[in-house]
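A.B. asks: Structure in structure tokens, see below.
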Amino acid sequence: MKKRRLVMFLVITFALTFALATVVAAKSHGPDVSKELADVRKATVKYQDIQVAFDDGYATDYHVVPNMGIHLVREDLLFDDGKLDLLTPEVLVYEPKKNGGYKLVAVEYMTVGGERPSLFGQQFDDGPFGGSFALHAWVWQANHDGMFEAFNPNVANAE
């Protein structure tokens, strides 16, 4: 009888914890943003294989940005008159692995020129060069600093 009560207590505790976490997540991003982020994950899951990114026109110079990773850029999207497509980010961000492989950790939206845009209810940051704007979304690697922060302390700095 005591064992059954303990199991029920644990089940109820887990259910309440999960419900609270769901409410906190919905409040921090809102249901629309949570759905948009899920859509981005679905659209970019194929890029877990870095070769697919290369095949789709993403290119890089292999420069590692500390607490970000390696950025693969599609220049045709970057210089497309500031048009943004939620499901086709201009930049894919990979973490170099010790075994020589790469792990997709984030997507980055970037524009050159024009007004400062926003996605996911977030204003873009100043980009890496004059007149550019950028927004990271850490959809593949947790970031305790925030989903849309530029840097992620959970990303290795290996070069």
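Each value in this text was obtained by applying a stated rule to the coordinates, not by laboratory testing. Just so it is clear, the structure is predicted and the values come from calculations on it, not from any experiment. A quick note on method: Cβ atoms are made from the backbone with ideal geometry, for glycine too, and the neighbour counts reach across all protein chains shown.
A.B. asks: Which loop-located GluC sites (Glu not before Pro) does the stretch 27-116 contain, where loop means any DSSP state but H, G, I, E or B and the Cβ has at most 11 other Cβ atoms within 10 Å? Show your work: numbers first, answer last.
C.D. replies: Values: sites: 36, 75, 90, 108, 115; in loops: 90, 115.
Qualifying residues, ordered by number: 115.
A.B. asks: Let me ask another. Quick one: of 83/103; 42/97; 42/103, which pairs are farther than 21 Å apart, Cα to Cα?
C.D. replies: The answer is 83/103; 42/97.
A.B. asks: Which shape class applies to the stretch 101-145: rounded if a/c is under 1.5, otherwise prolate when a/b exceeds b/c and oblate if not, where a ≥ b ≥ c are the square roots of the Cα gyration tensor eigenvalues?
C.D. replies: prolate
A.B. asks: Between rounded, prolate and oblate, where does the stretch 44-137 land on the alpha carbon gyration tensor, with a ≥ b ≥ c its root eigenvalues, rounded for a/c under 1.5, else prolate if a/b exceeds b/c?
C.D. replies: prolate
A.B. asks: Could you grab the relative contact order for the stretch 33-107? Cα pairs under 8 Å, six or more apart, rounded to a whole percent. Show your work: numbers first, answer last.
C.D. replies: On the way: 88 pairs, mean separation 20.4, N = 75.
Reported as a whole number, the value is 27 percent.
A.B. asks: Under 16 Å from a point 7 Å along the Cα-to-Cβ line of residue 99: which residues of the stretch 46-75 have their amide N that close?
C.D. replies: So the set is 48-51.
A.B. asks: Can you list the HN-Hα couplings for the stretch 48-53, worked out from phi with the Karplus curve (6.51, -1.76, 1.60; θ = phi - 60°), rounded to whole Hz and with x for Gly and Pro?
C.D. replies: Those phi angles translate into 4, 8, 4, 5, 4, 4 Hz.
A.B. asks: Return the distance in nm (one decimal) between the two label points of a simple spin-label model at residue 34 and residue 63, each offset 7 Å from Cα along Cα→Cβ.
C.D. replies: Going by the 7 Å Cα→Cβ label model, 3.8 nm.
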